[in-house]
Amino acid sequence: VHLYIHVPFCARKCSYCDFAIAVRRITPSGRFLDAVLWEWQAWQTHPAWVDSPELETIYLGGGTPSRLDPEILGELLGRIRSDRPVAAAAEVTLEANPDDVTPSRVALWMEAGINRYSLGAQSFSPAALEWMHRTHSADQTARAVGVLHASGIRNVSLDLIYGLPESIQRNWADDLEEALSLSPTHLSLYGLTVEPRTPVARWVTRGESTPPPERRAAEEYLAAHERLASSGYHHYEVSNAARPGFRSAHNQAYWGRHPYLGLGPSAHSSFGQTRSWNVREWEEYQKRAAAGERTVAGSEMLSADEIALEELYLGLRTCQGVPEASVGPGPAARWRDEGWAVAESGRIRLTPEGWLRLDALVASLTRC
Ligand code: SF4
């Protein structure tokens, strides 16, 4: 079983972001601890959770969890460990913004048991970082990785965004080289999407920004595959590549439909057929927790067909693929002929060209 904790606080809102966040100059760490522990406590008697085995992974995502007071973070993880068995080799990840990484914070994070760090680098181009409204510079990303390495931490992942508007003149190949020069063990690559109600959406509507043609975003994605493969990284999921032994155990649990509990505003939980999700807004979440009310906003029971479709979609995201029979002989043959998939030992998995079309391929199956 796996645990996700959503820490919604950010120093400012990035121009493309539509996550559930709360912009705060000073992070209300104490209030967050109280609210999350209330929710954690409430789960301890939940039928889905009572008999759950030890925690295999814990993931602090956001938002910007690195803005949480590190001592409060230690208190939170300490309480979790005292209430629940946590596997000795559990992967414990902290998403961090590069400007939050200092030697003293890293020491406290390590003391709290964090052993994997995911840094939101996004780009090494000053113009791109400014356009994205990031709070850090390229130098701060390099420094953050240096601080982590100097503290003896090898398991460092970097996030990068591709498919930025051409007007920014960001050079994707240069960004990949900069990232590789820092020797991350893992890279997550996300294509820019224009989400409603974000600054980027407003700029696009007003004609002040133009997303790149789809073909160029696809070229950047494919170029990254080639470059990373030549440096010993394996693209094990549509957006993720890792050195041997450094795949994200937590994310693999999601793609394998393993049970997980999500704490914090907007967090989702999934146990077998049942899925539930929390209220999205921090203030509402905190208010409910303080009043001793449930923080869950909704839940659903998936049918066998919905689970099969989800398994198909999640399986095709990964390099393991899915049983060929679940795709069917017609689509499987077509995907192979087009170069979108390869079949081996009764399984079919998508190629990078196939991953570019993942949603359309799955949708084509559901229309059959
Ligand atoms: S730091 Fe992450 S969560 Fe916060 S605004 Fe930027 S993209 Fe969104």
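Every number in this text was worked out from the coordinates using simple rules, so none of it is lab data. Computed from a predicted model, the values in this text were never measured in an experiment. When we count neighbours, we look across all protein chains shown, and the Cβ atoms used for this are built from the backbone with ideal geometry, even at glycine.
Does segment 236-308 classify as rounded, prolate or oblate by the C-alpha gyration tensor (a ≥ b ≥ c root eigenvalues; a/c under 1.5 gives rounded; else a/b over b/c gives prolate, otherwise oblate)? Oblate, because a/c is 1.5 or more while a/b does not exceed b/c. Relative to one another, the C-alpha centroids of segment 109-128 and segment 140-193 are positioned 9 Å apart.
Around the Cα centre of the chain, unit charges on the Cβ atoms of Lys, Arg, Asp and Glu (plus for the first two, minus for the last two) sum to a dipole of about 340 debye. Across segment 81-164, the relative contact order, built from alpha-carbon pairs under 8 Å that are at least six residues apart, equals 36 percent. Counted residue by residue at 0.36 nm each, then reduced by the alpha carbon distance between them, the extension gain from Ala150 to Leu222 reaches 22.6 nm.
The loop-placed trypsin sites (Lys or Arg not before Pro) in segment 167-235, going by DSSP, that have at most 16 neighbouring Cβ atoms within 10 Å of their Cβ come out as Arg197, Arg206. In segment 41-124, inverting the average of 1/r over every pair of distinct C-alpha atoms gives 13.9 Å as the Kirkwood radius. Taking other C-beta atoms within 10 Å as the exposure proxy, Cys14, Cys319 rank Cys319, Cys14 from fewest upward.
Only the Cβ atoms of Lys and Arg (+1) and of Asp and Glu (-1) were treated as charged; on that basis the dipole of segment 166-246 about its Cα centre amounts to roughly 240 debye.
Structural size metrics of segment 300-350, computed from C-alpha coordinates, are Rg and Dmax of 11.6, 39 Å. Geometric descriptor of segment 176-304, per residue, is 189 Å³ (volume of the convex hull of the Cα atoms).
In the chain, the C-alpha radius of gyration followed by the widest Cα-Cα span (Dmax) gives 20.8, 59 angstrom.
With a Förster radius of 45 Å applied to the beta-carbon distance between Ala173 and Ala297, the computed FRET efficiency rounds to 0.55.
As a proxy for reagent exposure, Met132, Met110, Met301 were ordered by neighbouring Cβ count within 10 angstrom, fewest first; the result is Met301, Met110, Met132.
Going 7 Å from the Cα of Asp51 in the Cα-to-Cβ direction, what parts of segment 258-287 have a backbone nitrogen less than 19 Å from that spot? Within reach of a label on Asp51: 258-261, 270-275.
Just want the answer: with Cβ charges of +1 for Lys and Arg and -1 for Asp and Glu, which residue in Ser303, Ala253, Ile21 is farthest toward the dipole's positive end in the chain? The residue sitting most towards the positive pole is Ile21.
Cβ crowding within 10 Å, taken as a proxy for footprinting-reagent exposure, orders Ile348, Ile168 from fewest neighbours to most as Ile168, Ile348. Here the relative contact order of the chain, from alpha carbon pairs under 8 Å that lie six or more residues apart, stands at 16 percent.
Equivalent-ellipsoid semi-axes for segment 215-368 (Cα gyration tensor, √(5λ), whole Å, largest first): 34, 20, 14.
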